[in-house]
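Worksheet: one structure, shown below.
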Amino acid sequence: MEGRIRAYGAELVGTAWMVAIGTGSVALGGSLLQISLAFGAAVTTAILAFRGASGAHINPAVSAAFVVTGHLPRNELPGYVLAQAGGAVIGSGAVYTLLGPEELAPTVVTSGVSLIGAIAIEVGITAALMASILAVVLVRGDSTPTVALVVGATVAALAYACGPLTGASMNPARTFGPNLLAGAGGLVMYTLATLTGAVLVGLAARRRFSQAD
């Protein structure tokens, strides 16, 4: 039980950190490159700080995929998701407190991008993120610095490529906190799309390695 509490606490703090730093960079008027690097750096530092305690998923879609691959026990998923959601609200609340309600930087689809197009983008980039996570974890194992750098760089690159289109959520928690406090929509679409992308990769990985055995 103590280990679970420690893991849930790490997920809460890590997710709060990621949301506060990432959306804070948007609120402060950063360029696309600066915002992308801020999200990537926040993910990298969270993994370095909390991977030993919880795996540093800081993303419900990643946690769900890790249940599929067997990296996370199924009965721990609700605690992870609740901690991540709580952390997202705390992180967004910090931005609200420091910068004001107009600066919450909710995740939104850019005008001109259709709903189907937005779903396809979010499924695709979340799948790419999950594939990078599984690839580096399976290849490098417990090398936390390598995992942190690769995953952080992937987040930054995908945010830079697709941020102008859909906000590049890749993470239900990243969208949940800011969109909830800002009263913005899109929570169902972003949640389902990102979960779909990550879980599809998890299923593909499980199938591949079960066949290899």
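Couple of notes before you dig in:
- Residue match in segment 142-163 (condition: touching a Pro at 6+ places or on another chain (Cβ under 9 Å), in contact (Cβ under 8 Å) with a residue 60 or more places away in the chain and under 24 Å from A46 (Cβ atoms)): no
Residue-by-condition table, conditions (1) surrounded by fewer than 19 Cβ atoms within 10 Å (Cβ to Cβ); (2) among the acidic types (D, E); (3) on the phi < 0 side of the Ramachandran plot:
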residue	(1), (2), (3)
V95	no, no, yes
E103	yes, yes, yes
S111	yes, no, yes
G117	yes, no, yes
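- Between A61, A42, the distinction of being assigned to a helix (DSSP H, G or I), open to solvent by less than 20 Å² (accessible area, probe 1.4 Å) and touching a Leu at 6+ places or on another chain (Cβ under 6 Å) belongs to A61 only.
- Which listed residue is assigned to a loop (DSSP other than H, G, I, E, B), polar (S, T, N, Q) and touching a residue at least 60 places away in the same chain (Cβ under 8 Å), from T107, T126: T107
- Filter pass, Y160 being among the aromatic types (F, W, Y) and open to solvent by less than 10 Å² (accessible area, probe 1.4 Å): no
- Any hit, segment 67-83, residues being crowded, with 22+ Cβ neighbours inside 10 Å, at pLDDT 95 or above and farther than 22 Å from G202 by Cα: no
- For segment 129-149, filtering for residues that are buried (at least 16 other Cβ atoms within 10 Å of the Cβ) and either in a loop (DSSP other than H, G, I, E, B) or among the β-branched types (V, I, T) (or both) leaves 5.
The values are calculated or read from the model by the stated rules, or taken from the named source; none is laboratory data. Please read all numbers here as calculations on a predicted model, not as lab measurements. Neighbour counts are summed over all protein chains in view; Cβ atoms, including those assigned to glycine, are modelled from backbone coordinates with ideal geometry. Just so you know, the surface numbers come from the protein's heavy atoms only, side chains and all, with ligands and any DNA or RNA stripped out. Shrake-Rupley method; radii C 1.70, N 1.55, O 1.52, S 1.80 Å.
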